[in-house]
Each structure stands twice: as C-alpha cells, then as structure tokens.
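Everything below concerns the one structure shown next.
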Amino acid sequence: MLLTDSDLQAIWLTIRLAGITTLILLLIGTPIAWWLARSRAWWKGPVGAVVALPLVLPPSVLGFYLLLAMGPNGPFGQLTQSLGLGTLPFTFWGLVIASVFYSLPFMVQPLQNAFEGIGERPLEVAATLRASPVDTFFSVVLPLARPGFITAGILTFAHTVGEFGVVLMIGGNIPGVTRVASVQIYDHVEAMEYADAHRLAAVMLVFSFTVLLAMYTRRSPARKAA
Amino acid sequence: MENIQARFKLDWPGFTLDVDLNLPGRGVTALFGHSGSGKTSLLRCIAGLERASCGRLVFKGKIWQDEKNWLPTHRRPIGYVFQEASLFPHLSILGNLRYGQKRSDGAGRVGLDAAIELLGIGHLLERKPDTLSGGERQRVGIARALAVGPEILLMDEPLAALDLKRKQEILPYLERLHDELDIPVIYVSHSPDEVARLADHIVAMDGGRAVAAGPLGETLARLDLPIRLGEDVGVVLDATVGEIDAEWHLARVDFAGGSLWTRDHAVPVGKRVRVRVLARDVSLALDEPGMSSIQNCLDGCVESVAADDHPGLLLVRVQVGASLLVARLTRRSAAQLGIAPGLPVKVQVKSVALME
C-alpha cells in the first residue's frame, strides 16, 4: 500500500466530514434555496448576500469568527456548554458545523438556480390538478430540480473535501478527529516528507478531477418544458 | 344558484380589471377580446391563480372568494387548460393524466378513460411529453384537465400556440366536448372563428371591462355595440343539416326561423352545425324578388335600425322567426324602401358560412 495508515485515516475522516456536511446542507439548504427562489421580500437580498459570503471571505476570517462564536465565551459556545456538550472547537462536530457554513453557498446557489429555472407554470398546473403546495414541492419541484440537486450535492461534497483554512482555525490538527486530508498534506510538507505529500496530493487531484468530469459529462442538454 | 357570479377588481401598473358578471352555469362561455383586454386575467381570477384584492366569486351557490373567504386553487373543483399544454416533462402521458385524477375526490363526472377516449389519445399513453407534437400535447393537456372530474372547465386560448393545421386537428375535439360535456366551459379566445364555432355565450372584453355579455346569437345581433367577429358584423345561428342536394352540391340547413342553402361540405343530414351570416351578405326587399342569383329568401320583420361606422351605411336588425339577422344597407336604399321597425321585408341572404 502506497498510503500510510495515517493517510488513510485522514482520507476516511475527510469523506465522513464531507458526507455528513452534504447531508446536513441538503436539509438546511433546500428550504433556504426555495425561499430565495420564490420570495419577493426586501430582505431576500441581504439573506442571499450572507449565504454567498463564504465564497469571497478568506477561510481564516470565517474560521476566526466561528472560533469566537463556538468558544467558551461565544454565544454558541455558552449554549453548547449549558446543554452539557462542552465546547465544539477542536472536535469533529465543531468541524462539521464550520463546514456547513463554509459550504453553504455551494449547496444553496445551484438549488436556487434550479428552482428558479422551473418557473411559475408547473406550480400553477399542479395547483389546478388538486396538488397542495407541499404536495407540489415533492411531486413536481423535486423531480424537476433533480439535476440541480446532483450538482449541488457534488459541489458541496467536493468543496468540503478541499477545505483547509477553516479546518486549521476550528479543528486544529488532531489525528483521527480533525486531521483531514488537506491538513495531512500540509503536515507532510512541513516535515519535508515530499514523497508522502505527493501521493496524497495525487489522490486529491484525481478525486477532484473525477468529480468534475462526472459532473460535466452527465449534464444532459437542458430538458425543454413540454 | 346554478350560475357563476364573478366580480373582480385588479389594479396593476398599466392594467386594471374591473368586471361584475353573471355567467351561465352551463354551455360554453367565450371571453372574447384583444390581447391585454383582461380576459386571461379574469380566467386566472376564477381559477384562483390570481388573487384580486377586491373580489367576490360564487360558483353555483358556493363561495370561492369574498371579503372573508378564499378557496385556494387546489381546492377548487376546476379543470384548467393552459395556452401551452404545460405537461410535466418528468412524467409519461399516462402519468400526467393520472396526476390530477389521483388527487381528485372522484366525484367528477368525466373519468380518465372517458377523457382519453374523448380526446383520442389512447395510443400516446406510454410516451414522454417531449416526443409529442404540439397538437397532441394540447389534447393531452385538455384530457388531463378533464380527468380530475371538474365541475367547470377553464380554457385559456388552448389553440393560440398552435399553427393552423394543428388548430384544425383539435377543433373537432373541442366541438365534441361542447356536445358531450354537461359542465360549463369558460373559453378565452381572440379568434372569431373559435368563438363562432364553440361558444353559446359571449363576454366581450375591452380594456379590462366587459363591454357586452349574453347569448351568442343575441349578443352578436346587438346594434348598439356591434361585436365584430373578425372582419365584419354578423350573426351565428344554430342549425341542423336538413337535406343534401347531390345534383347541385348544396346542403340545406334549418334554423329557428327558416332554412338556408349553402355549399355542401359533406356534413351528414341531421348533424347540428353552426352557420355564420355576415351583415354585408344580407339584403332586404319589399316584394318577392323575381329571378335572382340569390338562392336564399326569407320572410322577416324589421326589428331595429342603427348607424354603422360609415355615415352612408345603416345596420338593420331583422327578426326571422325566432332568430335575428343583421343586414347592412346604404342610408339611401333604406330611405327608398322606407325601412322602419315593424316593416315586413323579404330577407335575401347571399352567402352562408358553415362553421365546420
């Protein structure tokens, strides 16, 4: 085996982190994207901007604020302490929460685009065919937005796999707990283990390319509304 | 109790809708007017797809909308046909048809099988919407609306997005609906031909208001407000094919008030048809005309006289039996004949269009 045990541990941790983050974001991001696609409220703009912030913010800035919020004196940290959960920084679940914030736009924006692309008409048709709004969402919106869900899921997963700055700020570098693949590569380089860094980096490169290739080749021509 | 009271006020930038109508609870009612006249907005208000802040809608005694009540679209017993068929692309044709049928309480009068049969789409059920022609898609759209078993069918220019050939393909199906359905249909159209063929009642819309409303024949014969179905003023008569003259390729159609000869269109004897008689094709005489190229001569009585668009012309409404015809005369010939209400006249009809 080319990879060391600690490499494999880091990869497994990374996959777990990305998987859980993607699942949580599917649940949180879908209603946010639906609301952003449908709402005409004036505060839709500010909300959309906040959702997009992680796209432009340096990960260290995001990580810094999350660290403060989740720390012993931060509002979120005090909440978790009062619930008997301790503080979250430098734990796996702290990393999950940070990743949810960090990857939020990669889930919300493709979904929002997909929802907006469906337009008003299929919803009106469903209403005239006796479907309640909730029924319409599951029987019409979800199937029609399927390509958007696949794109959003892949992007969120891949983006979480690739995070580094936020991990360092929130999770540190604890083997098996918060040491994900990107941090492991950093460690290898710091320790001048270039051969190890090369192998893990190559795995990451192949993974990222495969994901993007899959996404770009499966994208069938946009289905025309009949 | 059996009718539909619809009062709506919509105020949008650059557009207002302000109607107060009492629509019949049976037959086909055409909402007729130019684009932008408010006919589609009115239909959407009836469906609950648009919510007029100030409105009242009572369907056969049941309140769908007033100051306090609002029945959302999915709880109204309607069938709605959109201008584009708007089929769900992720479902097969059968899936589209079943979508509404599954969700309706089944109390409706048209079943899924009946709808499939009525629109002739039995051979398409397994296909996907994007493999169908525009005409086929629209037939599926109509069948889908019927399969929910609606108590009223709302149609928003179902033929407008189709070319002439596809229109001709669907019109016979719509005529079957008209003949075989006993639910009211509200049919939005700007096509004079569709209105003349399908409508029993007409609501003429202009600038967000209903300028005239009533039974088709009566409303078209109104002189104070001549509604031009297409190029000219004229009336539409319900008639039955009474006789075919094979030698001369003519067909006799009988209406309430007399008979008219028209070109034989291979319509079988006994079939109900509609004929359109334009005012410019009707002339009046005092005596039985002698030899004339005009085959159709009826006995009538002048009912009323009104000015036409041109100062040299008049429109004359003539009672023929139970029906009304409209004739266009020059002012001079009207003066020479002494045309006045109550005058018995011979009505010569030069041309009759069979709507088929």
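Every number here is computed from the coordinates shown, using simple stated rules; none is lab data. Just so it is clear, the model here is predicted, and its values are computed rather than measured. Cβ atoms come from the backbone with ideal geometry, glycine included; neighbour counts cover every protein chain shown.
Cross-link partners of B:LYS271 among aspartates and glutamates, defined as those whose alpha carbon lies under 13 angstrom from its own and excluding same-chain residues fewer than eight positions apart: B:GLU175, B:ASP179, B:ASP238, B:GLU243, B:ASP254, B:GLU356. Normalised by residue number, the volume inside the convex hull of the Cα atoms of chain B is 155 Å³ per residue. Calculated FRET efficiency, B:THR240 to A:LYS44, Cβ-Cβ distance, R0 = 51 Å: about 0.25 to the nearest 0.05. Placing +1 on the Cβ of every Lys and Arg and -1 on the Cβ of every Asp and Glu, with no other charges, gives the protein assembly as shown a dipole of roughly 660 debye about its Cα centre.
What is the distance in Å between the Cα centres of the stretch B:10-75 and the stretch A:131-186? Spelled out, the Cα-based centre of one part sits 46 Å from the other. The residues B:HIS190, A:HIS188, A:HIS198, when put in order of fewest to most other Cβ atoms within 10 Å, stand as A:HIS198, B:HIS190, A:HIS188. Only lysines eight or more places from B:LYS102 in sequence, or on another chain, were considered; those with a Cα closer than 26 Å are A:LYS224, B:LYS60, B:LYS62, B:LYS128. Largest mean-square fluctuation among A:VAL161, A:VAL56, A:VAL47, in a Gaussian network model of chain A whose springs join Cα atoms under 10 Å apart, belongs to A:VAL56.
Helical runs (DSSP H, four residues minimum) scored at -39500 (n - 2.57) apiece and divided by the length of the protein assembly as shown put the mean residue ellipticity at 222 nm at -13000 deg cm²/dmol. Other residues within the sphere of radius under 10 Å centred on the Cβ of B:GLU2, judged by their own Cβ, net out at +2 (K and R +1, D and E -1). Label zone (B:ALA114, point 7 Å along Cα-to-C-beta; backbone nitrogen cut-off 17 Å) within the stretch B:142-168: B:142-154. When A:MET215, A:MET70, B:MET355 are arranged by Cβ crowding within 10 Å, least crowded first, meaning fewest neighbours, the order is A:MET215, B:MET355, A:MET70.
Shape class for the stretch B:178-324, computed from the alpha carbon gyration tensor (a ≥ b ≥ c): oblate, with a/c not under 1.5 and a/b at or below b/c.
Listed from fewest to most Cβ neighbours within 10 Å, the set A:SER99, B:SER35 follows the order B:SER35, A:SER99. The separation of the stretch B:265-315 from the stretch B:143-190, counted between C-alpha centres, amounts to 31 Å.
Gain on full extension, evaluated as 0.36 nm per residue between A:ARG16 and A:TRP35 minus their Cα-Cα distance, stands at 4.0 nm. In this structure, the amide hydrogen of B:ASP206, modeled 1.01 Å from its nitrogen in the peptide plane, lies closer than 5 angstrom to those of B:VAL211, counting only residues at least 5 positions away or on a different chain.
A simple rule links phi to the HN-Hα coupling: the Karplus curve 6.51 cos²θ - 1.76 cosθ + 1.60 with θ = phi - 60°, which for the stretch A:54-71 gives x, 5, 10, 6, x, x, 5, 5, 4, x, 4, 5, 5, 4, 4, 5, 8, x Hz, with x for Gly and Pro.
Taking other residues whose beta carbon is less than 14 angstrom from the beta carbon of A:PHE157, and scoring Lys, Arg as +1 and Asp, Glu as -1, yields 0. Annotation note: chymotrypsin sites (Phe, Trp or Tyr not before Pro) in the stretch A:54-157 located in DSSP loop regions with a Cβ neighbour count of at most 16 within 10 Å are A:PHE90. Just need log10 I(q)/I(0) for the protein assembly as shown at q = 0.07, 0.09 Å⁻¹, Debye formula, equal scatterers on the alpha-carbon atoms, no solvent, rounded to two decimals. Taking Cα atoms of the protein assembly as shown as identical point scatterers yields -0.61, -0.82.
Summing +1 for each Lys or Arg and -1 for each Asp or Glu among the other residues whose beta-carbon sits under 10 angstrom from that of B:LEU198 gives -2. For B:LYS346, no lysines have a Cα closer than 21 Å to its Cα, not counting residues fewer than 8 places off in the same chain.
Angle between the Cα long axis of helix A:181-190 and the longest principal axis of chain A, 0 to 90 degrees, nearest 10? Compared with the principal axis, the helix lies near 30 degrees. Under the criterion of Cα pairs below 8 Å and six or more residues apart, the relative contact order for chain A equals 30 percent. Relative contact order of the stretch A:136-226: 24 percent, from C-alpha pairs under 8 Å at least 6 residues apart in sequence.
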